[in-house]
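What follows draws every value from the coordinates through simple rules; no lab data is involved. None of these values were measured; they are calculated from a predicted model. Note that we place each Cβ from the backbone using ideal geometry, even for glycine, and neighbour counts take in every protein chain shown.
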Amino acid sequence: MLGLKLPTDPRWANIAEKNIGEILIDHAHCEQKAASTAISLIVSFPEYTDLVQEMVALVKEEMSHFKLVHDRLIKKGIVLGRDRKDDYVIQLLKFFPKGGSRTDQLVHRLLYAALIEARSCERFRLLSKELKDPELAKFYRDLMVSEANHYSLFLKFARNYGIRKEVDRKWDDLLNFEAEILKNFGDQQLIHG
């Protein structure tokens with residue numbers, strides 16, 4: 001369903017479980033960044049009313065997810081701390097060239113967002129299946145559904161605003177690029193690490 005070309009090595013779930021505090025911290029920051037992405041799309045492309053409406057709802061949902069994760073951190077006595085760079089996203093953002101038409105810029109940003117949500121969904125699925133803590137496994141199963149919906153939403157908008165054939169080609173190329181960069185990830189206690 002997600003179309004990812006390279007699945008996460010299942011051993012990543014073991015690393016995550018042994019470092020669940022670090023995973024939760026990184027996850028909280030990912031939720032903040034997802035809300036920021038939605039806000040940025042509103043600010044950058046206000047003329048797309050249907051996109052703005054969906055992004056307003058998405059900001060609320062992502063911040064509610066942030067609160068859920070932050071509450072888990074508090075419960076475990078863990079302080080959120082400062083954000084860390086996300087090397088996965090930094091590498092991913094090198095795929096599309098800078099510039100181009102406003103439509104191209106929008107489509108590219110939507111495709112990046114779709115892919116990040118797809119990979120998060122896949123990682124949450126792994127956590128939901130592999131974590132020994134049933135409450136935390138359910139937590140990630142529930143969030144996995146939301147991530148899948150976000151992935152579908154971003155991809156739908158990219159296809160609506162761009163030329164479908166071109167968007168699908170770019171999406172496939174981006175998936176192949178992501179598979180190559182993912183070969184260097186999967187051994188860190190990060191959501192995309």
Problem - Subset of the stretch 90-104 (residues that are in a loop (DSSP other than H, G, I, E, B), closer than 27 Å to ILE25 by Cα and free of Cβ contacts under 8 Å to residues at least 12 places away in the same chain) - result: LYS94
Exercise for the section: Restrict the check to the stretch 121-131 and report whether at least one residue is in a helix (DSSP H, G or I) and in contact with a Gly (Cβ under 9 Å, 6 or more places away or on another chain). Expected result: no
Problem - Looking only at the stretch 131-188, and only at residues there that are over 16 Å from the mean Cα position of the chain (by Cα) and of a type in the set (Asp, Glu), the one that is farthest from ASP26 (Cα to Cα) - result: GLU166
Practice task
Out of the residues in the stretch 152-193 that are assigned to a helix (DSSP H, G or I) and of a type in the set (S, T, N, Q), state the one that is surrounded by the fewest Cβ atoms within 10 Å (Cβ to Cβ).
Solution key: ASN176
Practice task
Confirm whether ARG84 is assigned to a helix (DSSP H, G or I), more than 22 Å from VAL56 (Cα to Cα) and charged (D, E, K, R).
Solution key: no
Practice task
Within the stretch 91-145, work out how many residues are of a type in the set (Asp, Glu) and in contact with a helix residue (DSSP H, G or I) (Cβ under 6 Å, 6 or more places away or on another chain).
Solution key: 2
Fill in the blank from the handout: Per the list (1) more than 19 Å from LEU58 (Cβ to Cβ); (2) part of a helix (DSSP H, G or I), residue check on ALA114 breaks on (1)
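Within the stretch 58-71, how many residues are of a type in the set (A, V, I, L, M), free of Cβ contacts under 8 Å to residues at least 60 places away in the same chain and closer than 19 Å to TYR112 by Cα?
Number satisfying all stated conditions: 1.
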Handout entry: Residues being surrounded by fewer than 19 Cβ atoms within 10 Å (Cβ to Cβ) and under 17 Å from the mean Cα position of the chain (by Cα) - total across the stretch 23-53
Key = 5
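Would you check which residues across the stretch 72-89 are free of Cβ contacts under 8 Å to residues at least 12 places away in the same chain and within 15 Å of the chain's Cα centre (by Cα) and list them?
LYS85
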